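Below you'll find the structure, written out as structure tokens, and then a few comments.
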Amino acid sequence: MNEVVKSLVTRKSCKDYKPEHISREEIDEIVKAGLNAPSGMNKQTPIFVVVQDDETVAKLSKMNAAVVNMPMDPFYGAKDLIIVLAKKDCTYIYDGSLAMGNLMNAAWAMDIDSRWIHRAKEVFESEEGKAFLQKWGITDDVEGIGFCILGHANEEKEKTEILPNRVFYV
Ligand SMILES: Cc1cc2nc3c(=O)[nH]c(=O)nc-3n(C[C@H](O)[C@H](O)[C@H](O)COP(=O)(O)O)c2cc1C
């Protein structure tokens, strides 16, 4: 099997992370994959926010959990994350989702574990979330797409079962 395809079909998401950071160089490579995701009409709507600062990760975890009154850390102990936001134009939700896919697939290809954590929309619609955007200098009209948490697994992960009857040859 082609090496890239092998990487795509073996990817798994992780729910338990070691308490160490990944490096800035690794993050930059993963972000590059996100930046190169296709977008509708090449509008390149996705925006990436790299967060490696422990205090900010902890704060964002609390804000994310608050959306659904979750009693646990929704980031599963991950120390690094890339937030994908997208400028509200054209196919931005699809663009942002594809960028999230690129991030997770690039991470996996680099032996780094990841997971899409949802509720970015709600987090960045909140007053606290808007204050973060302002602090980070993001002035465009954006919507939160997802949090791509990153790190190294502290667990033996199982590959999810691929459900049958989802492909039609005509
Ligand atoms: C749109 C989307 C939203 C997701 N939101 C969450 C989430 O909030 N929390 C979580 O633990 N996993 C979340 N996931 C991860 C999925 O649960 C995971 O990808 C799925 O179980 C399949 O497992 P795999 O990635 O190992 O193939 C999300 C995935 C997607 C694509």
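Structure data summary
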| item | result |
| --- | --- |
| Leading residue at positive end of dipole, the chain (Cβ point charges), from 67, 96, 84 | 96 |
| Computed [θ] at 222 nm, helices only, for the chain once each DSSP H run of length n ≥ 4 contributes -39500 (n - 2.57) | -12000 deg cm²/dmol |
| Residue with peak Gaussian network fluctuation, the chain [Cα springs, cutoff 10 Å], from 11, 115, 24 | 24 |
| C-alpha center-to-center spacing [the stretch 10-87, the stretch 120-168] in angstrom | 6 Å |
| Solvent exposure of the chain as accessible area per residue, Å², 1.4 Å probe | 59 Å² |
| Net +/- balance of residues flanking residue 115 in space, Cβ distance below 11 Å, scoring K and R +1, D and E -1 | +2 |
| Neighbour-limited loop hits for GluC sites (Glu not before Pro), the stretch 76-170 (at most 13 other Cβ within 10 Å; DSSP other than H, G, I, E, B) | 155, 156, 158, 161 |
| Dipole magnitude of the chain, debye to nearest 20 (Cβ charges: Lys/Arg +1, Asp/Glu -1, about Cα centre) | 440 debye |
| Inverse of mean 1/r across different Cα pairs in the stretch 11-170, Kirkwood, Å | 16.2 Å |
| Low-density loop positions, GluC sites (Glu not before Pro), the stretch 13-60 - DSSP coil, at most 16 other Cβ in 10 Å | 20 |
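The values are calculated or read from the model by the stated rules, or taken from the named source; none is laboratory data. Given the structure is predicted, the values throughout are model-derived calculations rather than measurements. Note that we place each Cβ from the backbone using ideal geometry, even for glycine, and neighbour counts take in every protein chain shown. Heavy atoms of the whole protein, side chains included, go into the accessibility calculation; ligands, DNA and RNA do not. Shrake-Rupley method; radii C 1.70, N 1.55, O 1.52, S 1.80 Å.
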